[in-house]
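**Student:** Can you keep this structure in mind? I'll have questions shortly.
The values are calculated or read from the model by the stated rules, or taken from the named source; none is laboratory data. Predicted model only: the values in this text are computed from it and were never measured. Ideal geometry is used to build each Cβ from the backbone, glycine not excepted, and the neighbour counts take in all protein chains shown.
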Amino acid sequence: MSGVRTWRRGDKFTLIYVLWFLVPELLLWTWWVFPTLDWWTIDLAIFTVLAPTILISLCMNLMRMRWRRVFSLFLAAFLVFFSHRILMGLDITPDHFRFDLTKNTYLQEVQRVEVEPETPRFKTFPWDDTFVAKTYRTLVYDESDQIALPPGTQSISWLQQMERRCAEKKDCVRLTSAPPDEYISVTKLADHFYIVDDDFPNSFP
């Protein structure tokens, strides 16, 4: 019995494991504060460190029958995940958080857009850090809100405007998914502001 007690020494409930799971969660909400950093490499490095650390800790605590620590590890993961789901359910997302803090900057850029009289303003902004030459998340300001309509149901003038803009490599979006694995979706973020997601784009750089 003394040998078992030695192995189980230090077995206690702890919330220190919450910090391990909070690291990627906090990065999800705050990476855009430093957009020039190489976040793909940073995310990979954090995963390379955190994943083995959590796995080794779990295995070691199981081997030493530190049941309180094992429970604490699973509880930490549950608390972070459950808190994330609650925020998402309340429509408090990283996108909304970021936009609320930077909205004035985007509105100022929109006001600088020169348009003809009676022509709705249209402006796009990169919304991710994945690639330099291609973004798969785009913040779009569309004063006409035609972007929210199902693909192909926009007005002829709007479609022609997008075709012309894309040909001139100006602010434009493509709403038609390219087979076999691309999926483009549009989500409203605020008045006239939308997020265009291009999942699994076929043209990776």
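**Student:** So, in segment 142-173, exactly how many residues are part of a loop (DSSP other than H, G, I, E, B) and in contact with a Cys (Cβ under 7 Å, 6 or more places away or on another chain)? Walk me through it before giving the result.
**Tutor:** Within segment 142-173, the first condition is being part of a loop (DSSP other than H, G, I, E, B), and the residues that meet it are 143-145, 149-155, 168-173.
If we keep only those that are in contact with a Cys (Cβ under 7 Å, 6 or more places away or on another chain) as well, we get 172.
Within segment 142-173, residues that are part of a loop (DSSP other than H, G, I, E, B) and in contact with a Cys (Cβ under 7 Å, 6 or more places away or on another chain) number 1.
**Student:** Anything in segment 89-110 that is of a type outside the set (D, E, K, R), in a helix (DSSP H, G or I) and more than 15 Å from the chain's Cα centre (by Cα)? List them, or say none.
**Tutor:** 89, 101, 102, 104, 105, 106, 107, 108, 110
**Student:** Can I ask one more? In segment 11-29, is there at least one residue being over 23 Å from the mean Cα position of the chain (by Cα), part of a helix (DSSP H, G or I), among the hydroxyl-bearing types (Ser, Thr, Tyr) and at pLDDT 85 or above?
**Tutor:** Yes, that holds for at least one residue.
**Student:** Could you please let me know if residue 95 is farther than 30 Å from residue 188 by Cβ, surrounded by 12 or more Cβ atoms within 10 Å (Cβ to Cβ) and of a type in the set (Asp, Glu)?
**Tutor:** On the way: farther than 30 Å from residue 188 by Cβ: no; surrounded by 12 or more Cβ atoms within 10 Å (Cβ to Cβ): yes; of a type in the set (Asp, Glu): yes.
When the stated conditions are applied, residue 95 does not pass them.
**Student:** Of all residues in segment 30-39, count the ones that are assigned to a helix (DSSP H, G or I) and either at pLDDT below 80 or in contact with an Asp or Glu (Cβ under 9 Å, 6 or more places away or on another chain) (or both). Working first, answer last.
**Tutor:** First, pick out the residues of segment 30-39 that are assigned to a helix (DSSP H, G or I): 30-33, 39.
So of that shortlist, the ones also either at pLDDT below 80 or in contact with an Asp or Glu (Cβ under 9 Å, 6 or more places away or on another chain) (or both) come out as 31-32, 39.
The qualifying residues number 3.
**Student:** In addition: Do we find that residue 86 is under 28 Å from residue 137 (Cα atoms), without any contact (Cβ under 8 Å) to a residue 12 or more places away in the chain and in a helix (DSSP H, G or I) in this structure?
**Tutor:** Considered against the rule, which asks whether it is under 28 Å from residue 137 (Cα atoms), without any contact (Cβ under 8 Å) to a residue 12 or more places away in the chain and in a helix (DSSP H, G or I), residue 86 comes out as yes.
**Student:** Restrict the check to segment 38-47 and report whether at least one residue is among the charged types (D, E, K, R), surrounded by 12 or more Cβ atoms within 10 Å (Cβ to Cβ), more than 27 Å from residue 128 (Cβ to Cβ) and outside the structural domain of residue 143 (by TED's automatic domain parsing).
**Tutor:** No, because not a single residue in segment 38-47 is among the charged types (D, E, K, R), surrounded by 12 or more Cβ atoms within 10 Å (Cβ to Cβ), more than 27 Å from residue 128 (Cβ to Cβ) and outside the structural domain of residue 143 (by TED's automatic domain parsing).
**Student:** Please indicate, with yes or no, whether at least one residue in segment 170-186 is of a type in the set (Asp, Glu), exposed (fewer than 14 other Cβ atoms within 10 Å of the Cβ) and modelled with pLDDT of 85 or more.
**Tutor:** Looking through segment 170-186, none of the residues is of a type in the set (Asp, Glu), exposed (fewer than 14 other Cβ atoms within 10 Å of the Cβ) and modelled with pLDDT of 85 or more.
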